[in-house]
Amino acid sequence: MAYPTKNKKVIAFVEESAKLTCPDQIVWIDGSEKQLKKLRKQACKTGEMLKLNQKKLPGCYYHRTAENDVARVEARTFICCKEKENAGPTNYWMDPQEAYKMCYEIARGKMKGRTMYVIPYSMGIVGSPFSKIGIELTDSIYVVLNMAIMTRVGTDCYDVLGEDGDFIKGLHCKCDVDPEKRYIMHFPEDDTIISVNSAYGGNVLLGKKCFALRIASFLGKNEGWMAEHMLILGVTYPDGTKKYIAAAFPSACGKTNLAMLIPPKHYLEQGYKVECVGDDIAWIRVGKDGRLWAVNPENGFFGVAPGTNEKSNPNALAATKKNTIFTNVAINPADNTVWWEGLTKPAPEHLIDWLGKEWTPESGVKAAHPNSRFTAPAVNCPCLSEAFNSKEGVPLDAIVFGGRRATTTPLVYQSRDWNHGVFVGSIMSSETTAAATGATGVLRHDPMAMKPFCGYHMGDYFAHWVEMGKKASNPPKIFNVNWFRQDQNGEFMWPGFGDNMRVLDWILKRCSDSVDAQETAIGYVPYAKDIDLEGLDYSRDTLESILYVDKARWSSEADEIAEFYKQFGDKLPAELSENLKTLKANCAK
Ligand code: SAT
Ligand code: MN
């Protein structure tokens, strides 16, 4: 047959995978609107997707996953490197030979009666020296259409590869969507990903967590750069100065909201502007100027729908108004549009819920799944930064870590230096959310928000962070934030959303040495007077209380961190154990 590429490795990968899975036909995706249109039509015909109200939501479609297939499955996500030791204590590991054999057995013949789609895609701008090419083979049109939003799909990727170029191989086979045979396997030493028996986003859009984080973090360690679970945002000052922040939060902790925040009125009136470069993943390199430069390798947003509304994130909401795929939200049959918890109040009288059942506000269940998602093209976002399309990316002034913590962690604090900042990232813990299967609201360690996404030994990953700080002569300052402090009644104590600008403002002032801070046991904490509360009905006392560093609590936290660190053994960089000692000593003072 005539192939759209001369790359022998691509052809061999497709042929071998077809031999294994036995599809009825192979369709080479070219990224053209014409082809995508045909696929949408086909998916609507089979019921895989529903066409939404094209007047109100032009180009928008709806999809339901299987009921047992609604989130990432961390317990079924493996790093398959030769030595178990190299996957480290925070990853599930399987021997690569065993894993290949098992996956091949599961996928054998499973595309019979189906079509195999070959998706050539680029993470990052096609042809940029910072970008990388992947080929995903899948038997799901839903995956093709999502990949076409989330990544840069097209035959120009073959031009980049030439006859002989390397790429990340991804084989996705829905099989029977059997949760007992669901496996998301990464072979970092072979640039390969295999995903079987799932059709949910994070498990099957292989360019995202599988490639751009797990495989890329491994590549980054070897090649001297970083792949991080971070949003990237830009703040423009009234005088035109631009500053950039990258921020790591676990899934479903508000990265998309922070990346697209609209500053409070008085900031807007002065001419401040916040722009989004990315909402989930940052690839970071040392620039010639010794600064860290970040690009967003994605091309769209795979955002959590519930809670997104005109007030919490008007930019994200606007981004979903066209050419968007909604997954597991509810349908409003009155006008064939979508709905999710928090979109409008009160809820509509009658909906079809994410399971396809009749729903009314009295149903007593959620209409949309808590991890229901929108897949929206980045270009739809009204506050998308021009830098989104810059090959070099943006120079970072600050790196921010943050988890969901009801207690202990103050609203914001700054690390004393780079290595202390690495320590601060490494001790992140956060309450679990619906983005992964399992119980929610359980506090767990999630270093740098990378626990589910680091493709190698977490101890080596910490060492790589320390190393990057040495390579960068002018690295960003490192901070930690916590938007999720709660009072005795379980109410959030900080308004969050657009008001987080007040904290970003302090952070950036610290970066330009234009505001003082108090030195505490854990690092630099703002004086309450230095957080701008103009236009906000908020008491300084409450602010004081969420800035307070409780040494007794931090002392127990330090003991707990010591326990957590034990698993890394001698892979734990000395820089981190020293910082733990300092923390413990500071708490005893
Ligand atoms: O499901 S995804 O992994 O793509 C989103 C997330 O959990 O952050
Ligand atoms: Mn994420």
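Once the C-beta distance of ALA552 and THR241 is scaled by a Förster radius of 45 Å, the resulting FRET efficiency is 0.60 to the nearest 0.05. Annotation: the range 32-189 has a Kirkwood hydrodynamic radius of 17.8 angstrom, from the mean reciprocal C-alpha pair distance. Of all beta bridges that DSSP places with both ends in the chain, some 65 percent have antiparallel geometry. By a straight-distance test (C-alpha under 13 Å), which aspartates and glutamates pair with LYS345 as possible cross-link partners, with residues fewer than eight away in the same chain excluded? Straight-distance partners of LYS345: GLU310. Think of the range 300-379 as having a plus end and a minus end, set by charges on the Cβ of Lys, Arg, Asp and Glu; of TRP339, THR375, LEU355, THR375 sits farthest toward the positive end of this dipole. Of all lysines in the structure, the ones whose alpha carbon falls short of 21 Å from that of LYS551, not counting any fewer than 8 places away in one chain, are LYS581, LYS584, LYS589. Cα to Cα, under 17 Å, and not fewer than 8 places away if on the same chain: which aspartates and glutamates meet these conditions relative to LYS288? Straight-line reach from LYS288, under 17 Å: GLU223, GLU392, ASP397, GLU467.
Take 549-556, 243-250 and order them by the average number of nearby Cβ atoms within 10 Å per residue, most first; the result is 243-250, 549-556. Here the relative contact order of the range 163-245, from alpha carbon pairs under 8 Å that lie six or more residues apart, stands at 20 percent. Over the chain, DSSP H runs of length four or greater, each weighted -39,500 (n - 2.57), average out per residue to a 222 nm ellipticity of -8000 deg cm²/dmol.
Only Cα pairs under 8 Å and 6+ residues apart enter the sum, and on that basis the relative contact order of the chain stands at 15 percent.
A 31 angstrom limit on the alpha carbon distance is what I want to check against. Which of LYS37/LYS357; LYS181/LYS208; LYS471/LYS566; LYS51/LYS311; LYS181/LYS571; LYS34/LYS311 exceed it? With Cα atoms farther than 31 Å apart: LYS181/LYS571; LYS34/LYS311. Compute log10 of I(q)/I(0) for the range 300-379 with the Debye formula, placing one identical point scatterer on every Cα and leaving out solvent, at q = 0.19, 0.23, 0.24 Å⁻¹, to two decimals. The computed values of log10 I(q)/I(0) come out as -0.75, -1.07, -1.15. Under the convention that each Lys and Arg Cβ holds +1 and each Asp and Glu Cβ holds -1, the size of the dipole of the chain around its Cα centre is about 1140 debye. The order of the peptides 51-61, 313-323 by mean Cβ neighbours within 10 Å, most packed first, is 313-323, 51-61.
Here the relative contact order of the range 300-379, from alpha carbon pairs under 8 Å that lie six or more residues apart, stands at 45 percent. The reciprocal of the average 1/r between distinct C-alpha atoms defines the Kirkwood hydrodynamic radius, which for the range 510-571 equals 14.3 Å. Run the paramagnetic zone check for ALA588: 7 angstrom along Cα to Cβ, then residues of the range 510-525 with backbone nitrogen under 19 Å. Those under the cut-off are 520-523. Cα extents for the range 226-311 along the principal axes, largest to smallest and rounded to whole angstrom: 37, 36, 19. Shown here: the chain, whose C-alpha atoms stretch 72, 57, 45 Å along the first, second and third principal axes, sorted largest to smallest.
Computed from the coordinates by the stated procedures, all read-outs in this text should not be read as laboratory data. In this text, all values refer to a predicted model and were calculated from it rather than measured experimentally. For neighbour counting, all protein chains shown are included, and Cβ atoms are generated from backbone atoms with ideal geometry for every residue, glycine included.
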